[in-house]
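Notes to accompany the following structure.
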Ligand code: SF4
Ligand code: SF4
């Protein structure tokens, strides 16, 4: 899942200070599932923006057209086009509550519209439902090596992105970066590989990554088939 977090309301109000006719657009994908940018949050944000514009911007009810809507997935051009074509004309701007890919999808499908981000895109994460926490687990490096590392990603979970075992900074399995609060990824990897009887993978020398693989911007040509609802 892509993890997003709503920007502070003050920042959003400043961002939309020149737009009084605005569509607050949620996404029922990652943003909606985590209840940061779904239908309810879009409605809530649109109400708060109306109040903010009236109290701080001196606007009257009649000056404003701020409405909320959601789409199934904002990162899908066809879904966005089908959902908004014909209804987006009445707005000066779209305030998107999707990840950065969603914001840019709307901007590409409707290039004449100003599309603004209401959330910050944080990382690709794993949810811990019991604790209600989200943890970064993948950096979308483009060359997955989880098969060699016991299913634990050193690129993401090692603060230095090391590929060949721990640095000298780990103490009792804790990482020096961040004040010994996080587990050292490479100690976790070592333990997991030992458990699986695959310590040979730990000893394997991994060469410096070819960063051209993950050089932005990246495309996946014709390789994405959408299999969810909505089509
Ligand atoms: S190695 Fe890590 S960053 Fe790369 S794809 Fe696998 S989990 Fe993601
Ligand atoms: S202590 Fe472990 S997780 Fe932290 S930077 Fe060193 S190898 Fe990476």
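The values are calculated or read from the model by the stated rules, or taken from the named source; none is laboratory data. Everything numeric in this text was worked out from a predicted model, so none of it was measured. Note that we place each Cβ from the backbone using ideal geometry, even for glycine, and neighbour counts take in every protein chain shown.
Limited to segment 56-93, what total is found for residues that are within 18 Å of the chain's Cα centre (by Cα) and either within 18 Å of residue 21 (Cα to Cα) or touching a residue at least 40 places away in the same chain (Cβ under 8 Å) (or both)?
7
Look at residue 132 and say whether it is surrounded by fewer than 18 Cβ atoms within 10 Å (Cβ to Cβ), under 17 Å from residue 12 (Cβ atoms) and free of Cβ contacts under 8 Å to residues at least 60 places away in the same chain.
no
If I filter segment 168-188 for residues that are touching a residue at least 60 places away in the same chain (Cβ under 8 Å), outside the structural domain of residue 73 (by TED's automatic domain parsing) and within 14 Å of ligand 1 (Cβ to nearest atom), do I get at least one hit?
Checked segment 168-188: no residue is touching a residue at least 60 places away in the same chain (Cβ under 8 Å), outside the structural domain of residue 73 (by TED's automatic domain parsing) and within 14 Å of ligand 1 (Cβ to nearest atom).
Would you point out the residue of segment 152-171, among those that are near ligand 2 (Cβ under 10 Å from one of its atoms) and part of a helix (DSSP H, G or I), that is farthest from residue 204 (Cα to Cα)?
Among those residues, the one meeting the criterion is 157.
Among the residues that make up segment 116-124, is at least one of them more than 16 Å from ligand 2 (Cβ to nearest atom), in the same structural domain as residue 76 (by TED's automatic domain parsing) and without any contact (Cβ under 8 Å) to a residue 40 or more places away in the chain?
No, segment 116-124 contains no residue that is more than 16 Å from ligand 2 (Cβ to nearest atom), in the same structural domain as residue 76 (by TED's automatic domain parsing) and without any contact (Cβ under 8 Å) to a residue 40 or more places away in the chain.
Being farther than 26 Å from residue 217 by Cα and in a loop (DSSP other than H, G, I, E, B) is the filter; apply it to segment 131-151 and report the residue that is farthest from ligand 1 (Cβ to nearest atom).
Filtering first and then ranking leaves 132.
Can we say residue 140 is touching a residue at least 60 places away in the same chain (Cβ under 8 Å) and under 23 Å from residue 73 (Cβ atoms)?
yes
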